[in-house]
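These notes concern the structure reproduced below.
Nothing in this text is a laboratory measurement; each read-out follows from the coordinates by a stated rule. None of the values given here were measured: they were computed from a predicted structure. In this analysis, Cβ positions are derived from the backbone assuming ideal geometry, glycine residues included, and neighbour counts consider all displayed protein chains.
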Amino acid sequence: GAVVSQHPSRVICKSGTSVKIECRSLDFQATTMFWYRQFPKQSLMLMATSNEGSKATYEQGVEKDKFLINHASLTLSTLTVTSAHPEDSSFYICSARQIDSYEQYFGPGTRLTVT
Amino acid sequence: EDQVTQSPEALRLQEGESSSLNCSYTVSGLRGLFWYRQDPGKGPEFLFTLYSAGEEKEKERLKATLTKKESFLHITAPKPEDSATYLCATTTGRNYQLIWGAGTKLIIKP
């Protein structure tokens with residue numbers, strides 16, 4: 001149980017284009033979903049927290065107009081990187097929390113490369 | 001300030017050599033202590049949640065314990081496939097966000 005999927009697992013895009021990453025909780029309802037970014041050999045960095053049906057809360061320094069987050073249902077959240085630039089290249093990971101639990105279950109991650 | 005510190009940063013063991021990883025925490029109002037395993041290029045894999053001092057949980061060669069100030073992840077007779085980065089995290093419940101340690105990179109040599 002508690003499986004989270006992400007799609008795509010890898011994506012390469014050209015500078016200036018937008019990319020959408022999907023995060024799905026497959027066997028539970030995710031009251032809250034989180035989006036993280038991780039650079040090589042570094043810790044997870046929380047980008048934003050989203051609750052179903054509400055606007056996402058972004059961490060300090062994360063541009064909300066660049067990283068658009070939608071959590072329209074209890075099983076799906078999306079992260080759209082708009083007007084991507086090479087410095088946006090990174091490993092993006094989502095996690096999900098079910099109601100009445102503090103545990104977070106993570107997706108397998110999405111490797112974004114912007115050329 | 002809420003904080004989680006893991007030690008050592010890296011640990012190299014021979015196959016079969018048991019050891020422990022440490023996670024020290026200072027948080028106000030602990031709502032859970034979590035252990036994850038992360039392999040390169042993958043998202044963290046949930047291992048354990050501990051809620052109160054004295055609690056222990058086991059899974060295969062791993063055993064997690066919790067005191068009022070720290071948690072240990074004991075690994076018994078490890079195998080090369082146990083090589084990974086082990087992450088510890090806590091939460092105070094605020095926004096359900098996790099407070100992460102920097103992780104311990106475990107390498108098991110055959």
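General remarks:
- Ascending count of other beta-carbon atoms within 10 Å, so fewest first, for A:33, A:47: A:47, A:33
- Exposure proxy ranking, count of Cβ atoms within 10 Å, fewest first, for B:49, B:67: B:67, B:49
- Where trypsin sites (Lys or Arg not before Pro) fall in DSSP loop in region B:28-77, at most 10 other Cβ within 10 Å: B:68, B:69
- Cα centroid separation - region B:57-110 against region A:16-32, whole Å: 26 Å
- Whole-number D in µm²/s for the protein assembly as shown (Stokes-Einstein; Kirkwood sum over Cα pairs; 37 °C, 0.692 mPa s): 181 µm²/s
- Binned Cα-Cα distance frequencies in region B:23-110 - 10 Å width, integer %: 17, 50, 28, 5, 0
- Seen from residue B:9, the other residues with C-beta closer than 15 Å to its C-beta sum to a net charge of +3, counting Lys and Arg as +1 and Asp and Glu as -1.
- For trypsin sites (Lys or Arg not before Pro), the sites in region A:44-115 that DSSP calls loop and that have at most 12 other Cβ atoms within 10 Å are A:55.
- Chain A: C-alpha gyration tensor shape, a/c 1.5 cut-off, then a/b vs b/c: prolate
- Distant-in-sequence amide contacts of residue B:83, defined by a placed amide H-H separation under 5 Å and a gap of 5 or more residues or a different chain, comprise B:108.
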